[in-house]
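Trainee: Sharing a structure with you now.
Computed from the coordinates by the stated procedures, all read-outs in this text should not be read as laboratory data. As the structure is a computational prediction, the values presented were derived from the model and not from experiment. Cβ atoms come from the backbone with ideal geometry, glycine included; neighbour counts cover every protein chain shown.
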Amino acid sequence: MRVLVTRPAEDAKSLLAALKSQGHEGVLAPLLDIRILGGVELEMADVQALVLTSANGARAFAARSAVRDVPALCVGDATAREALALGFETVKSAAGDVEALAALVIKILDPKQGPLLHPASTKVAGDLAGLLEAEGFVYRREVLYEAVKADVLPEIVRTEMLEGTLDGVLLFSPRTGAAFAALVDKAGLAAHLTGITAFCLSDPVAQNVRALKWKDIRIAVKPDQASLLALLNM
């Protein structure tokens, strides 16, 4: 199967390798450009743990702090792998979404032991702060990077759609889904989606592309890469 990979370039590396190992062909066309923001060293004296909702958050934190001995609680396995690769000593994965991450934090941490630091983008999905603060945790969000949407549909996407060579599009976030829908509509290519399947990480992602006339929309049973790729073999 030939599928469009819309993830940022750094995040797409392992995904492209996984696709190839399963006999699929990935076409890389990032719709978001990740830009890590500069700044001073982060204050970490009283932080009991990091809550990481993306691999980009882990990378952005690593660019602003040398601390690696604080526990890193991660939304999913891909983020956990990145945290381990960056040298964090204690890493745990919620293997799910923001709600699963909050549940993991509540289960294993004590609000009295100090605040939680969330290395985040300028825009966040879900209400991690609300979920944690409701349980008495002090939540501290640090905006360390931004995800800038593409202004136009990448030329490779236009070519693939016009030539009818794509079987599917992989969509990992609601924001990417919304960006794809807007750019396809802007390019006047919506009619070329009728032979293409949208493979979505979660229902919120699918909601942002339902207005388009796809061949099919499939949603992963769990919000992780393995579950999304499993859809390609069904």
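Trainee: How far is helix 98-108 tilted, in degrees, relative to the longest principal axis of the Cα atoms in the chain, given as a value from 0 to 90 rounded to the nearest 10?
Mentor: 30 degrees
Trainee: Also, quick follow-up: When only DSSP loop residues count, what GluC sites (Glu not before Pro) in segment 1-106 have their Cβ near at most 15 other Cβ atoms within 10 Å?
Mentor: Filter output for segment 1-106: Glu41, Glu43, Glu89.
Trainee: Another one. Size of the dipole of segment 1-159 about the Cα centre, Lys and Arg at +1 and Asp and Glu at -1 on the beta carbon, nothing else charged, in debye to 20?
Mentor: 420 debye
Trainee: Which lysines does Lys107 reach when only Cα atoms under 16 Å apart count, and residues fewer than 8 places away in its own chain are ignored?
Mentor: Cα-Cα hits under 16 Å: Lys92.
Trainee: Can you tally the net charge around Asp216? Count Lys and Arg as +1, Asp and Glu as -1, for every other residue whose Cβ sits under 14 Å from the Cβ of Asp216.
Mentor: Spelling it out: positives minus negatives among the neighbours equals +3.
Trainee: Then there's this: Can you give the net charge of the other residues whose Cβ lies under 10 Å from the Cβ of Met1, counting K and R as +1 and D and E as -1?
Mentor: Overall, the nearby charge balance is -1.
Trainee: Select from Ala78, Ala103, Ala129 the residue farthest towards the positive end of the dipole of segment 40-144; place +1 on Cβ of Lys and Arg, -1 on Cβ of Asp and Glu, and compute about the Cα centre.
Mentor: Farthest towards the positive pole: Ala78.
Trainee: Another question, then. Hey, got a sec? Which chymotrypsin sites (Phe, Trp or Tyr not before Pro) in segment 161-234 land in a DSSP loop and have at most 14 other Cβ atoms within 10 Å?
Mentor: Answer by residue number: there is no such site.
Trainee: In addition: Just the number: Rg to Rh for the chain, Cα atoms, Kirkwood Rh, two decimals.
Mentor: 0.99
Trainee: Based on DSSP, what percent of beta bridges with both residues in the chain are antiparallel, to the nearest 5?
Mentor: Counting DSSP beta bridges with both partners in the chain, the antiparallel share is about 15 percent.
Trainee: Could you work out the relative contact order of the chain? I mean the mean sequence separation of Cα pairs under 8 Å and 6+ apart, divided by the number of residues, in percent.
Mentor: In percent, rounded to a whole number, it is 19.
Trainee: For segment 1-85, calculate the relative contact order in percent as a whole number, restricting contacts to Cα pairs under 8 Å that are 6 or more residues apart.
Mentor: Relative contact order of segment 1-85: 25 percent.
Trainee: Here is a further query. Round to the nearest 10 and give me the degree value, 0 to 90, for the angle of helix 9-21's Cα axis relative to the longest principal axis of the chain.
Mentor: Taking Cα atoms only, the helix is inclined about 60 degrees.
Trainee: According to the Kirkwood expression over distinct Cα-Cα pairs, how big is the hydrodynamic radius of segment 1-93, in Å?
Mentor: By the Kirkwood definition, the hydrodynamic radius is 14.5 Å.
Trainee: If each of Val40 and Leu28 carries a label point 7 Å out from its Cα toward its Cβ, how far apart are those two points in nm?
Mentor: With each label placed 7 Å out from Cα toward Cβ, I get 3.7 nm.
Trainee: Return the subset of Lys13/Lys149; Lys186/Lys213; Lys13/Lys213 for which the Cα-Cα distance in this structure is over 21 Å, preserving the input order.
Mentor: Flagged as over cut-off: Lys13/Lys213.
Trainee: Note down the relative contact order for segment 36-154 as a percent, whole number, built from C-alpha pairs under 8 angstrom at least six residues apart.
Mentor: Relative CO of segment 36-154 lands at 27 percent.
Trainee: If you don't mind, there's one more thing I want to ask. Helix-only mean residue ellipticity at 222 nm, the chain, DSSP H runs n ≥ 4 weighted -39,500 (n - 2.57), per residue, nearest 500. What is it?
Mentor: -10000 deg cm²/dmol
Trainee: Could you quote the convex hull projected area for segment 44-146, Cα atoms only and averaged over all directions, in nm²?
Mentor: 5.5 nm²
Trainee: Here's something else I'd like to know. In degrees between 0 and 90, to the nearest 10, how far off the longest principal axis of the chain does helix 55-64 point, with axes built from Cα atoms?
Mentor: For 55-64 against the chain, the angle is about 50 degrees.
Trainee: For segment 126-234, which GluC sites (Glu not before Pro) are both in a DSSP coil and crowded by at most 15 other Cβ atoms within 10 Å?
Mentor: The qualifying sites are Glu135.
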